[in-house]
């Protein structure tokens, strides 16, 4: 595993519980992250994101008035989204399969069960850096490819045709995809230890 300098990573922690925000902040600081912002809910996070470029969101699921799931859906699908491609790590004490799938279907990049540990948070950040998933757009979804493995699939639900877009080898990226890819590559290059 490559060691990463996380000091240039701008992270926004979103949780309505101040103690949880403090815990996640302390973990991030121990990992070397220095640019850490906090928001008390999804709406507050959108306000912060309109003012500052954020590289990573760490969001709690349960918050009022806008929870982490609604925030993720807004980021991925709203025309007013400050960044459709920002990685989102969702924190939740509820880890039932249906909840994890619901988060995945909203466009969450990684899912983490509470309680949070430095090791598990670092593993999720490294996963985002080392294994970035392409973004896909279908008639009812936009976000990171929900498939973790490239398994052959030939069925009625197979993505193809006008209803599914994804960057394919040899196919030019859209301007938006090129800008997001450049931002991600620049961030990764800046985080690798010399």
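The values are calculated or read from the model by the stated rules, or taken from the named source; none is laboratory data. Predicted, not measured: the structure shown is a model, and the values here were computed from it. Virtual Cβ from ideal backbone geometry, glycine too; neighbours counted across all protein chains shown.
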- request: Within segment 34-52, count every residue that is in contact with a strand residue (DSSP E or B) (Cβ under 8 Å, 6 or more places away or on another chain) and touching a residue at least 12 places away in the same chain (Cβ under 8 Å).
  value: 13
message: When you check residue 57 against the structure, is it in contact with a strand residue (DSSP E or B) (Cβ under 6 Å, 6 or more places away or on another chain), at pLDDT 95 or above and closer than 21 Å to residue 146 by Cα, yes or no?
response: yes
Residues of segment 9-33 classified as farther than 19 Å from residue 44 by Cα, in contact (Cβ under 8 Å) with a residue 60 or more places away in the chain and under 17 Å from the mean Cα position of the chain (by Cα), total: 2
- prompt: Taking the condition surrounded by fewer than 18 Cβ atoms within 10 Å (Cβ to Cβ) and either under 18 Å from residue 109 (Cβ atoms) or in contact with a helix residue (DSSP H, G or I) (Cβ under 7 Å, 6 or more places away or on another chain) (or both), does residue 35 pass?
  reply: no
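Considering only segment 118-184, give the strands (runs of 3 or more DSSP E) lying wholly within it that have at least 1 residues that are at pLDDT 70 or above and in contact with a strand residue (DSSP E or B) (Cβ under 8 Å, 6 or more places away or on another chain). I'd like the intermediate steps shown before the answer.
On the way: elements: 135-138, 142-144, 164-166.
Fully inside segment 118-184 and qualifying: 135-138, 142-144.
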- prompt: Which of (1) part of a helix (DSSP H, G or I); (2) surrounded by fewer than 16 Cβ atoms within 10 Å (Cβ to Cβ); (3) touching a helix residue (DSSP H, G or I) at 6+ places or on another chain (Cβ under 8 Å) is the odd one out, the single condition residue 22 does not satisfy?
  reply: (3)
- prompt: Which of the residues spanning segment 57-78 are within 11 Å of residue 109 (Cβ to Cβ), in a helix (DSSP H, G or I) and in contact with a helix residue (DSSP H, G or I) (Cβ under 6 Å, 6 or more places away or on another chain)?
  reply: 72
